[in-house]
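> Got a structure for you, questions after.
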Amino acid sequence: MKIGIVLNPASGRRGKRLFWSALRRAIEARFTDLSLRETKGFGDAARFGRELADDGADLVIAVGGDGTIGEVAGGILKSHRPATAFSFIATGTGCDFARNFPMSRDPAKIAHELISPSVRQIDAGLLTCDDEDGDTVARHFANIASFGVSGHIVRAVNAARRGRRLPGPTVFFFHSLLQILRYKPPNIRLRLDEEDIYEGPITAVAVANGAWFGGGMKVAPDADVADGLFDVVIIRGAGRLKVLSLMNSIYSGGHLKSPLVSIHRARLVEAWPIGKAAVPIDSDGEAPGQLPARFEILSGALSLKV
């Protein structure tokens, strides 16, 4: 069995890095045909994922945070062998994609399960948007893409240095609080499956394949990564105090009871800004660009081995 590993060496706190070290030893003891690539910057994980799949890997494993996982998955999907089996070891700040699956923490058991022929087909998302230079970019995502205040939060989290020493949920909560206090809701137009659904101010819109984002916020509690649909959560614009109160309830999924929130399901999501305010996008914890944007579900596109 030929295994390719894409490692983000900067990802995770000490405990997660120690877990990966133990797991790596367990994998090396069981498999001899290994190829390890370490990322140094944005885009490396996608390139390595594509190259490993093209080179004939039977399984490509992403080791890092949600951004690394999403990039590697996208690289595989852009390769000549998009059905290549994919797996991941979550070591990042948020680790939200991993929350969608029951995961063992026993390195020996995980290494043994990699031999299993069992593969689950799950969905992926394809985002097309404008980057900050106005160029059109296309990016796959495995978990959630969103826009609004969440785009500002992700930029702040990724730019922070001191927060890297804190637990992921703490980092996200701190920057969520700070960005909400600074946020002015922009107006947008939202279309789902070619039907106009909403026009007006937003706090955030989540286009969810998985259920969690933001370091443990259960923004789309009923999302299923294999149902062929996005769960689209609209959080309308409101005053700062209302948004801060609502944010606390997202961790339990209680925000869906708020009149500010509505949830829809769709295969295609399109959004445009109204006015001159930039509306930044978050895609699996990375910042690829801003509205206007198109989000398309790719049903059963990823061959996942957990």
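The values are calculated or read from the model by the stated rules, or taken from the named source; none is laboratory data. Nothing here was measured: the structure is a model prediction, and the numbers come from that model. Note that we place each Cβ from the backbone using ideal geometry, even for glycine, and neighbour counts take in every protein chain shown. Ligands, DNA and RNA are stripped out before the accessible areas are found, and what is left, the full protein with its side chains, is counted by its heavy atoms. Shrake-Rupley method; radii C 1.70, N 1.55, O 1.52, S 1.80 Å.
> Taking R81 as the residue in question, decide whether it is of a type in the set (K, R) and within 15 Å of the chain's Cα centre (by Cα).
no
> Then there is this: What are the residues in region 170-188 that are open to solvent by less than 60 Å² (accessible area, probe 1.4 Å) and either farther than 23 Å from R99 by Cβ or touching a residue at least 24 places away in the same chain (Cβ under 8 Å) (or both), if any?
Those that are open to solvent by less than 60 Å² (accessible area, probe 1.4 Å) and either farther than 23 Å from R99 by Cβ or touching a residue at least 24 places away in the same chain (Cβ under 8 Å) (or both): V171, F172, S176, L178, Q179, I180, Y183, P185, P186, I188.
> Has region 216-234 got any residue that is modelled with pLDDT of 95 or more, of a type outside the set (V, I, T) and assigned to a strand (DSSP E or B)?
yes
> Now for a different question. Answer yes if at least one residue in region 136-144 is surrounded by 14 or more Cβ atoms within 10 Å (Cβ to Cβ) and assigned to a loop (DSSP other than H, G, I, E, B), and no otherwise.
Yes, some residue in region 136-144 is surrounded by 14 or more Cβ atoms within 10 Å (Cβ to Cβ) and assigned to a loop (DSSP other than H, G, I, E, B).
> Please work out which one of (1) open to solvent by less than 50 Å² (accessible area, probe 1.4 Å); (2) part of a strand (DSSP E or B) is the condition W272 fails and give its number.
Only one criterion in (1) open to solvent by less than 50 Å² (accessible area, probe 1.4 Å); (2) part of a strand (DSSP E or B) is unmet by W272, namely (1).
> Tell me the residue from P102, P117 that is more than 29 Å from L246 (Cα to Cα) and out of contact with any strand residue (DSSP E or B) (no Cβ under 7 Å at 6 or more places or on another chain), please.
Matching residue, one of P102, P117: P117.
> Another question, if that's okay. Condition test on L114, is it within 22 Å of T39 (Cβ to Cβ) and modelled with pLDDT of 90 or more?
The answer is no for L114.
> Another one. Kindly indicate which of I297, I281, I263, I202 is among the β-branched types (V, I, T), assigned to a strand (DSSP E or B) and open to solvent by 40 Å² or more (accessible area, probe 1.4 Å).
Testing whether each residue is among the β-branched types (V, I, T), assigned to a strand (DSSP E or B) and open to solvent by 40 Å² or more (accessible area, probe 1.4 Å) leaves just I263.
> Condition test on I89, is it crowded, with 21+ Cβ neighbours inside 10 Å, closer than 30 Å to Y251 by Cα and not aromatic (F, W, Y)?
The answer is yes for I89.
> Another question, then. Could you check region 258-303 and list, in sequence order, the residues that are charged (D, E, K, R) and either closer than 16 Å to T203 by Cα or touching a residue at least 12 places away in the same chain (Cβ under 8 Å) (or both)?
Hits for region 258-303 are R265, R267, E270, D282, D284, E286, R294, E296.
> List the strands (runs of 3 or more DSSP E) that sit entirely inside region 16-107 and contain at least 1 residues that are farther than 18 Å from F141 by Cβ and of a type in the set (G, A, S).
Output list reads 34-38, 85-90.
> Within region 235-251, which residues are at pLDDT 90 or above, within 20 Å of G215 (Cβ to Cβ) and either of a type in the set (S, T, Y) or touching a Ser or Thr at 6+ places or on another chain (Cβ under 6 Å) (or both)?
Those that are at pLDDT 90 or above, within 20 Å of G215 (Cβ to Cβ) and either of a type in the set (S, T, Y) or touching a Ser or Thr at 6+ places or on another chain (Cβ under 6 Å) (or both): I235, S249.
> Hey, does region 241-249 have a residue that's open to solvent by 60 Å² or more (accessible area, probe 1.4 Å), over 30 Å from E132 (Cβ atoms), in contact with a strand residue (DSSP E or B) (Cβ under 8 Å, 6 or more places away or on another chain) and hydroxyl-bearing (S, T, Y)?
no
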